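Beneath this line is the structure, given in structure tokens, with notes to follow.
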Amino acid sequence: MHSFKAVFKRELKGYFATPIAYVFLVIFLFFAGYLTFRDGFYEIRQADMRAFFSNLPLLFVFMVPSTAMRLWAEERKSGSIEILLTLPVTIPQAVIGKFIAAWCFLGIALVLTFPVPLVVCYLGDPDEGLIISGYIGSFLLAGGFLAVGTFFSALSKNQVISFILSVVACGILVYAGMPTTLDYLSNILPAPAVSVIENMSIQMHFHSLLKGVIEFRDIAYFFILIIGWIAACSIILDERKAS
Amino acid sequence: MISVKELRRTFGPIVAVDDISFDVAKGEVLGFLGPNGAGKTTAMRMLACFLAPDSGTATVCGHDIIAEPVAVRESIGYLAENAPAYGEMTVAGFLNFICDARRIAGKAKKEALDRIVPMCAVGSVYHQTIDTLSKGYRRRVGLAQALIHDPDVLILDEPTDGLDPNQKHEVRLLINKMAKDKCIIVSTHILEEVEEVCTRTIIIASGKILVDSTPALLKEKYHCSLDEVFRKVTRTKKSA
């Protein structure tokens, strides 16, 4: 546990030791706000945060891989991985420590969007449960994308390559569940296959949480997604750490 | 304290380390010599449990490198080639992180830092970020992290590379000072260093051990300096 804690602490501090954290937070908060108000936050005259949450998958497709890309690619490129993995730290402890630190950082970014719910509460009488489940869904969404990004960060020493691969993989997870994609796929694939794709996409599970319904299958989906990609990251890291 | 048995590691078609076996006891300083690409770093990485061997094994302080890698890592201090570190951290932050990962806390941490900072002469750069340090200081920070838990076994991959003559001398004095209580493996290209600090030397080329002797015995056997011994041994291997 101490090894996990040490890695977690170092990683989280590492974000704030460089301008990375501040640049990320400013860009994220700007676009989160911009996309919310661009989509008629005031015009719909409803005290809810649908406009804010529904844009997060698109924003996260780019923002989360930018957080994840340095996690392992930088360690491998600078050689510091040789220090980390010759300390009494196992690969899963190191991977999970870094992942949780990055997830907490994304959690901080989500917490900093607090003015949006405050505005909603000031203007009307929103359903608090809907806002809370929306934030839970957003946090899980960030975790899912982060796990994908962590895997691709371990796959390549080059941060740009790992960023591009992560964006593509996260984009597929989002766009596979879009109504237009599903309509198109239903013309060329049998209905059960389309249903499988819809269930595997992040969109369906995220939107289910946005409706305020916290179902086991949606939570399980995100955890399986996270555990699967993290496990794959540990395996690939063990294979490639010295290359 | 270190027992290596038929250790072998390949990278695709390249055999980096080819069935090497040797033992190192407490009080010995083993100089690992060899041309570039001989397999020194790969062998050391396997002993430090960074790389897994393809076959064979080794025990460090009674712990098997394959079965008990965490126990091995707890009992060794390892300085990697080029002394990598986290550039964005300060020296203080980095050494604190190493203490945390090695479960050194509270009073023990303070004592460890009070001992290691003057020992490795990093006090003047203690609050500086590692990225801003010279090569010499970076290597000293690397040495400090390897020694902070006072390990029984030290594995140092080119510990004096990039240091000025004074710094080299200081590091050699430090190794000599620790030698009697520890088991130390040092890889180097500097043959005068072997004569100054090593009680035994192994010359390795193309992954195989060519010579396992003491520097004095080697000079006596070949009737020449260690430099010439190195050239003779490694060139014979190449031409063979």
Worksheet item: Based on the inverse mean of 1/r over its pairs of different Cα atoms, what is the Kirkwood hydrodynamic radius of the range A:168-243, in Å?
Response: 14.1
Item to complete: Once you have the Cα-Cα distance between B:Lys180 and B:Lys219, take 0.36 nm times their residue separation minus that, and quote the gain in nm to one decimal.
Response: 11.7 nm
Worksheet item: If the viscosity is 1.567 mPa s and the temperature 4 °C, what Stokes-Einstein diffusion coefficient in µm²/s follows for chain A when Rh is the Kirkwood radius over Cα pairs?
Response: 69
Worksheet item: Using the beta-carbon distance between B:Asp54 and B:Ala25 and R0 = 35 Å, what value does 1/(1 + (r/R0)^6) give for FRET efficiency, to the nearest 0.05?
Response: 0.85
Worksheet item: Projected area of the range A:5-54, taken from the Cα convex hull and averaged over every viewing direction, in nm²?
Response: 4.7
Worksheet entry | Efficiency of FRET from Cβ geometry, A:Leu189 and B:Lys208, R₀ 56 Å, rounded to 0.05 | 0.45
Response to the item:
For the range A:193-232, the Cα convex hull volume per residue in Å³ comes to 67
Practice prompt. For the range B:1-135, state the semi-axes of the equivalent ellipsoid (square roots of 5 times the eigenvalues of the alpha-carbon gyration tensor), sorted largest first and rounded to whole angstrom.
Written response: 31, 18, 14
Item to complete: Quote the Stokes-Einstein diffusion coefficient, in whole µm² s⁻¹, for the protein assembly as shown, based on the Kirkwood radius over alpha carbon pairs, a temperature of 37 °C and a viscosity of 0.692 mPa s.
Response: 131
Worksheet item: Does chain B come out rounded, prolate or oblate, given a ≥ b ≥ c as the square roots of the eigenvalues of its C-alpha gyration tensor, rounded meaning a/c under 1.5 and, failing that, prolate meaning a/b above b/c?
Response: prolate
Response to the item:
Percent relative contact order for chain A, counting Cα pairs under 8 Å at least six residues apart, stands at 27
Worksheet item: Taking the simple approach of a point 7 Å from Cα along Cα-to-Cβ for both A:Asn199 and B:His127, what is their distance in nm?
Response: 6.0
Discussion item. I want to verify a result. In a Gaussian network model of chain A, Cα cutoff 10 Å, which of these has the top mean-square fluctuation: A:Pro126, A:Pro65, A:Pro19?
Written reply: A:Pro19
Worksheet entry | Selected from A:Gln93, A:Val148, A:Thr113, residue furthest toward positive end of dipole (the range A:1-160; charges at beta carbon) | A:Gln93
Response to the item:
Stokes-Einstein D for the range B:161-240 (10 °C, 1.306 mPa s, Kirkwood Rh from Cα pairs), in µm²/s, comes to 116
Practice prompt. Grab the Cα-Cα distance for A:Lys211 and A:Ile224, subtract it from 0.36 nm times how many residues apart they are, and report the gain in nm with one decimal.
Written response: 2.5 nm
Item to complete: Could you check the simple spin-label distance between A:Phe30 and A:Leu123, using points 7 Å along Cα→Cβ, in nm with one decimal?
Response: 2.3
Fill in: Candidates B:Thr41, B:Thr129, B:Thr201: whichever shows maximal mean-square fluctuation once chain B is modelled as a Gaussian network with Cα springs under 10 Å
B:Thr129
Worksheet, complete the sentence: Out of A:Lys157, A:Lys98, A:Lys13, a Gaussian network model of chain A with alpha-carbon springs under 10 Å gives the largest mean-square fluctuation to A:Lys13
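A short reminder: the numbers here are calculations on the coordinates, not readings from a lab. Treat the numbers as computed from the prediction; the structure is a model and nothing was measured. All Cβ positions, even for glycine, are placed from backbone atoms using ideal geometry, and neighbour counts span all protein chains on display.
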